[in-house]
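Written out below as structure tokens is the structure these notes cover.
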Amino acid sequence: MGSNREMTIHFLSSQQGTIISKWKDELLHLPDGYIGYFKGEVENIFNLLVDQLGTSDTDIEDMLKVIGKKIASDRANKQLNMEIFFSSISIGRSTIIEHLLNSNVSMEEVSGLIKQINIYFDQLIQFASSHYSELKMKELDDRYQFISPNHKDRLTLLGQMTSSFVHEFRNPLTSIMGFIQLLQAEQPETKYLGIISKELDQLNYRITQFLNMSKKETSESPPELFSISRLANEVIEFLYPSILEVNASITCNVADDAVITGSEEEFRQVLLNIILNALDVVTGMPSPSIYISGSECPPGILTLNISNNGPKIPEEVLPNIFEPFITTKKRGTGLGLFVCKEIVLKHKGTLSCHSTDFLTTFSIQLQTK
């Protein structure tokens, strides 16, 4: 019996045409206009994998790193996000494993092959997503360096104004919050004090949030392991008065085991910004709705989607939606999504937006390992 590597090479080579054909056919179900590009990418990935595996003096991890970097560079150059790549890789992995299970290879060999293939695909995803995040972070930094002097002046002025704003408003706000707590302790039966307290907490957070959005750098905090499901539900509970005001329906279906390592407070800000934006745009819609879903798919990558049924984002705005001072709201600062993008990139993830006449979706991809 040969090594897992030798058996993998033999199997992939013998099934090459069938696997590539089925992999390409499955891509037709993906919602993207670059199907021709993705089909070519499938063939390149498969051929590179087989060719490099057959080179005995090649270090597999280094080879996968080279392929991952090339995939990330191509997508960054074409301004494509990584979501379709993750879906494509998941299709390829499933197709190969399905062929393995239906082959004449013994179950003992199948087990070893599946393990080896999963390792290859997981490493490819890790290297591609990491390099893509690095490229997008560099792109964002480069863009910031070349923001027009007028925009830089506005950022500076906004920072000065918000610092003063927070100072002037926080002192009386803190006093009011303190007296509300005293009233709750002395007269717990009094109605509406809980609602008033929550509204004040929300106002206090938004003041702080506005200050953070005026800064280019996000605050540093030690990384921690936290549940995205729990965090999403905490944010929804926190925003309940705003949700009630808009009369929006909000559905949250995030896997309980979806956990990541990073700054929980920074991701709270990301969720708050995106959901608050969603509440703004669905206001006035016949059935205002927000949908939040999240799962680890493919393995090692958490995909979190936040969708709303508000108006479609204009095509001329969409490519620049994460840049500072770009906004579709009359009273928006254009800084919320800019900060969200920086936070996600800082955590080596990706943030993208897809908008149609029926649904606008902000999609976050993060490594879970």
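The values are calculated or read from the model by the stated rules, or taken from the named source; none is laboratory data. Model, not experiment: these values are computed from the prediction. With ideal geometry, Cβ positions are generated from the backbone for all residues, glycine too; neighbour counts draw on all protein chains shown. Surface accessibility is based on the protein's heavy atoms, side chains included, excluding ligands, DNA and RNA. Shrake-Rupley method; radii C 1.70, N 1.55, O 1.52, S 1.80 Å.
Worth pointing out:
- Scoring 222-232, 340-350 by mean Cβ neighbours within 10 Å over their residues and listing the highest first yields 340-350, 222-232.
- Extension gain, residue 198 to residue 25: 0.36 nm times the residue separation minus the Cα-Cα distance gives 57.1 nm.
- Cross-link table 39/312; 39/136; 138/346; 136/346, entries beyond 20 Å C-alpha to C-alpha: 39/312; 39/136
- Per-residue Karplus couplings for region 251-266, computed as 6.51 cos²θ - 1.76 cosθ + 1.60 with θ equal to phi - 60°, are listed in order as 10, 10, 10, 10, 4, 4, 8, 7, 10, 9, 10, x, 9, 5, 5, 5 Hz, Gly and Pro entered as x.
- Residue ranges 125-136, 69-80 sort as 125-136, 69-80 when ordered by packing (mean number of other C-beta atoms within 10 Å per residue, highest first).
- Under-5 Å amide H pairs with residue 250, H placed in peptide plane, nonlocal only: 290
- Gained length - residue 315 relative to residue 175, 0.36 nm times residue gap less alpha-carbon distance: 45.8 nm
- When all protein chains stay in place and ligands, DNA and RNA are ignored, the 1.4 Å accessible-area order of 63, 137, largest first, is 137, 63.
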